[in-house]
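The values are calculated or read from the model by the stated rules, or taken from the named source; none is laboratory data. Since the structure is predicted, the reported quantities are computational estimates derived from the model, not experimental observations. We place every Cβ from the backbone using ideal geometry, glycine too, and count neighbours over all the protein chains shown. SASA here: full protein model, heavy atoms, side chains in, ligands and nucleic acids out. Shrake-Rupley method; radii C 1.70, N 1.55, O 1.52, S 1.80 Å.
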Amino acid sequence: MPRVLTSSGISIGYIEAGSGDATPIVFLHGVGSDKSVWHPQLGHFAKSRRAIAFDYPGYGDSDPAPEGTTRDDYAEAVHSAMHALDVDRAHVCGLSLGGVVAIALCHAVPNHCASLILADTFAVHPEAEGIYQRGIAGSTDLPGMAEARVDVLIAQPADPAVRREVVETMSRIDPAAYRIGAKAVWLADQRDRAAAIRVPTLIVCGTEDVPTPPALSDELHKMIAGSQLAMIPSAGHLTNLEQPGAFNRLVEDFIRPLG
């Protein structure tokens, strides 16, 4: 898999597809996945623009994450990787932890974000500590946790292929990287950063999302001036995989007028 060297000296794994003069789109994955989960989006958006999915430090094909890596470090790594690939400005689409990182990225370099698509995510989670502690405990057996958690993550009845992909992807994550990612997502409190967002923003959530329920997306929508909120029926926490057609249409309709 291709890797790109960031300014911090860490190589970041990525998948790129497409070309053209339209503004590129960047995809940021969740805590229990990697860049590969964006394949339904890369195939779709490559028809009209550059589409790039990144791994965070420690995930997928990236170098290990140094001790103490934070969500802001993830955001800096993504921005540095964008720069290395000559992407000065992009639509930034993040799901769950990816949404948390997207908010951090926009806080750090707002002029490099043409828009934000924040899927199944939040500014602050009311059950943060409990979810984080369960994740840390489960990280000692990620294949077991994946099998135990998958039917909570995705709406039921689940597509067997999607279910299998979710389990396989989570099972191959390095446990140390997962623990860093869990802290980055679940203990985030970015209410001030969300309220300061001034780029066009689309908030997406599955109607059956259990880990980050629609109420949290509604709160985020109210924090971000001028944002749009869209719910995807028959989808849980992983809307891009569960309902890729609906997800792609929402994002396409949102970014097309923006360039």
Margin query: For the list (1) touching a Lys or Arg at 6+ places or on another chain (Cβ under 8 Å); (2) assigned to a helix (DSSP H, G or I), I need the number of the one condition that ALA75 fails.
Written below: (1)
Next item on the list: Could you tell me which of the residues SER48, SER36, SER19, SER7 is open to solvent by 20 Å² or more (accessible area, probe 1.4 Å) and part of a helix (DSSP H, G or I)?
Entry: SER36
Next item on the list: Pairs only if they're at least six apart or on different chains, beta carbon under 6 angstrom, first in the stretch 117-143 and farther than 21 Å from GLY99 by Cα, second of a type in the set (Lys, Arg); list them, first residue then second.
Entry: SER139/ARG179
Item checked: Among the candidates ASP151, ASP174, ASP218, residue that is under 20 Å from VAL92 (Cα atoms) and of a type in the set (D, E, K, R) -> ASP218
Notebook entry, point to check: What number of residues within the stretch 187-242 satisfy the criterion of being within 14 Å of the chain's Cα centre (by Cα) and open to solvent by 20 Å² or more (accessible area, probe 1.4 Å)?
Noted result: 1
Note to self: Which numbered condition in (1) within 15 Å of the chain's Cα centre (by Cα); (2) buried (at least 24 other Cβ atoms within 10 Å of the Cβ); (3) among the small types (Gly, Ala, Ser) is the only one that SER115 fails?
What the structure shows: (2)
